[in-house]
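Have a look at the structure below, then the notes.
Readers should treat all values here as calculations from the given coordinates under stated rules, not as data from a laboratory. Please read these numbers as outputs of a predicted model, since none were measured by experiment. Quick reminder, even Gly has a Cβ in these numbers, built from the backbone with ideal geometry, and neighbours come from all protein chains shown.
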Amino acid sequence: MDENNQEQILNRPTGRESFGIEELTKLGNQAVKKGLISGHGFHGGKYEILCNGQFFLLSPEQAHSYLKNLVEQHQ
């Protein structure tokens, strides 16, 4: 296993964080589709959101709340 694969495995969410990963991904994809953010995904154990040339690292729970509110505000 190379170093990149090993790092990705170590940075995957585990335990209670993994409860809403599918929903978090779905919300992120909706926000990208609506042009509200430019990208999203896990990075270093946190959830990264790219928006207006900046990036934000949030806990998965914080990212879920942020993305859910963002998508709901723009429906």
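Here is how the numbers come out for the structure above:
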{"quantity": "Environment charge at K26 (Cβ cut-off 12 Å; Lys +1, Arg +1, Asp -1, Glu -1)", "calculated": "0"}
{"quantity": "Trypsin sites (Lys or Arg not before Pro) restricted to the range 25-65 and DSSP loop, no more than 15 other C-beta within 10 Å", "calculated": "K34"}
